[in-house]
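Asks: Below: one structure in structure tokens.
The values are calculated or read from the model by the stated rules, or taken from the named source; none is laboratory data. Because the structure is a prediction, the values reported are computed rather than measured. Cβ coordinates were reconstructed from backbone atoms using ideal geometry, including for glycine residues, and neighbour counts include every protein chain displayed. Protein only, heavy atoms only, side chains kept; ligands, DNA and RNA dropped before computing areas. Shrake-Rupley method; radii C 1.70, N 1.55, O 1.52, S 1.80 Å.
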Amino acid sequence: MSTTRVRRELPELPLTGWEETKNTLHLWAQIVGKVRMASTAPRNHWWHATLYVDVRGLTTRRMQARDGVAFEIDFDFVEHRLVVATNRGDVESFELADGLSVAAFDEQLHATLARLGIDVVIREQPYRVPTTTSFPEDQEHASYDRDAVERFWQVLEWTDEVLEEFAGWYCGKTSPVHLFWHSFDLALTRFSGERAPALPDANPVDAETYSHEVISFGFWAGDANVREPTYYSYTAPEPADLRQQRLRPNEASWTEYGNGSLALLPYDAVRSSPDPRAALLAFLESAYRAGAGLSGWDQAALDSSWCPSPPELSKILAGEPTPRAGGTASPDP
């Protein structure tokens, strides 16, 4: 079977062209994410709170109401609707449109859930974003550019596919590829298997998130600090001299961020690359090697059978076009 892949053209996604829409969508996602968090059993590292990329947009996946009814909430970016479905066969939705404020979105979602008998109480405050206006009172954020949202979803869908491939190279503990609604980033995390030293004065969220040694990777569309869509990676706890390690491709760089360092690769550098997949995989692998090598992770033991061979990895890091890595050939079913 051929492993040749057809290149997908990645769309432009300048932050300045859709920032108001992004901020509105981010707050809508926080509301839905809080419903998920209130309707799902807790998981380590807050994995019960995240959203996921699916074939039409973003989804909560299956949740459980108190009376045993299973339901899910989907952002449908094909028809631009917010859809609530249950295992009883109920399907209700409302339009995602320009002019729909955060307050109106919040009201319509809770009204829909109440009609279905599955509503939950959430903390109606945004989390770790510049605005502090409660969801029911937020009339300011009401922008929705359909074209921009579709392009954002296309980038998420493509990035999700590459992150899933990269996740398969690792046989240690790995997070799902999921979207964290507090920072609105699509993320994947690898774990060494060792506990990390407790963070001094950490809040409960960070204490749970960084309880173990991690190297995280992800994508976000840009924000007040990083003014363009960007891929990132960080290592926590951060080893000494991390910023001295080489990143690939050449457009990638280290930057100081908060109390640590971020490896950054602009999305436009990936999009304009002759082989965007190879460029992103080179970035992910180089950032992983930098953090894992300095932190003393047993990289050979943590490689899965699907990890590319050393010569294949060398080609990826060199930016050479490569077929999708497969490791040992899949047996016939």
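Asks: Measure nothing but the geometry: give the 0 to 90° angle between the long axis through the Cα atoms of 102-115 and the longest principal axis through the Cα atoms of the chain, rounded to 10°.
Replies: For helix 102-115, the angle is close to 70 degrees.
Asks: For the chain, set up a GNM with springs between Cα atoms under 10 Å and report which of 104, 29, 49 has the largest fluctuation.
Replies: Largest GNM mean-square fluctuation: 104.
Asks: Against the longest principal axis of the chain, how steep is helix 19-38, in degrees 0 to 90 to the nearest 10, with axes from Cα atoms?
Replies: Between helix and principal axis, roughly 80 degrees.
Asks: Build a GNM of the chain with springs between Cα atoms under 10 Å: which of 181, 306, 220 gets the top mean-square fluctuation?
Replies: 306
Asks: As I understand it, the value is the acute angle between the Cα axis of helix 146-167 and the longest principal axis of the Cα atoms of the chain; what does it come to in degrees, rounded to 10?
Replies: 40 degrees
Asks: Equivalent-ellipsoid semi-axes (√(5λ), Cα gyration tensor) for the chain, whole Å, largest first?
Replies: 34, 22, 21
Asks: Which residue fluctuates most in the GNM of the chain (Cα springs below 10 Å): 294, 317, 13?
Replies: 294
Asks: Hey, what did the chain get for relative contact order, percent, Cα under 8 Å, at least 6 apart?
Replies: Value for the chain: 16 percent.
Asks: Using 7 Å Cα-to-Cβ label points, what is the residue 93/residue 238 separation (nm, one decimal)?
Replies: Taking the simple label geometry, residue 93 and residue 238 are separated by 4.4 nm.
Asks: Could I ask something else about it? Do you know the relative contact order of region 223-289, to the nearest whole percent, from alpha carbon pairs under 8 angstrom that are 6+ apart?
Replies: Worked out over region 223-289, it gives 36 percent.
Asks: How much of the accessible area of region 107-247, probe 1.4 Å, is carbon plus sulfur, in whole percent?
Replies: Looking at region 107-247 in its full context, I get 47 percent from C and S.
Asks: Here's another thing I want to ask about it. At 1.4 Å probe radius, can you tell me the per residue accessible area of the chain in Å²?
Replies: So the chain comes to 47 Å² accessible per residue, rounded to a whole number.
Asks: If you average the alpha carbon positions of region 137-183 and of region 88-119, how far apart do those two centres end up, in angstrom?
Replies: 22 Å
Asks: Under 15 Å from the 7 Å Cα→Cβ point of residue 131, by amide nitrogen: which residues of region 58-98?
Replies: Within reach of a label on residue 131, which here means backbone N under 15 Å from a point 7 Å along Cα→Cβ, region 58-98 contributes 97-98.
Asks: Would you please name the trypsin sites (Lys or Arg not before Pro) within region 224-300 that are DSSP coil residues with at most 16 other C-beta atoms within 10 Å of their C-beta?
Replies: Hits after loop and neighbour filter: 227, 246.
Asks: What are the aspartates and glutamates whose alpha-carbon lies under 14 Å from the alpha-carbon of residue 315, with same-chain residues fewer than 8 places away excluded?
Replies: 275, 285
Asks: Which value at 222 nm does the chain reach when only helices count, each DSSP H run of 4 or more adding -39,500 (n - 2.57), with the total divided by all residues and rounded to the nearest 500 deg cm²/dmol? Walk me through the numbers before you get to the answer.
Replies: Values: 8 runs with 99 residues, N = 333.
So the helix-based figure for the chain works out to -9500 deg cm²/dmol.
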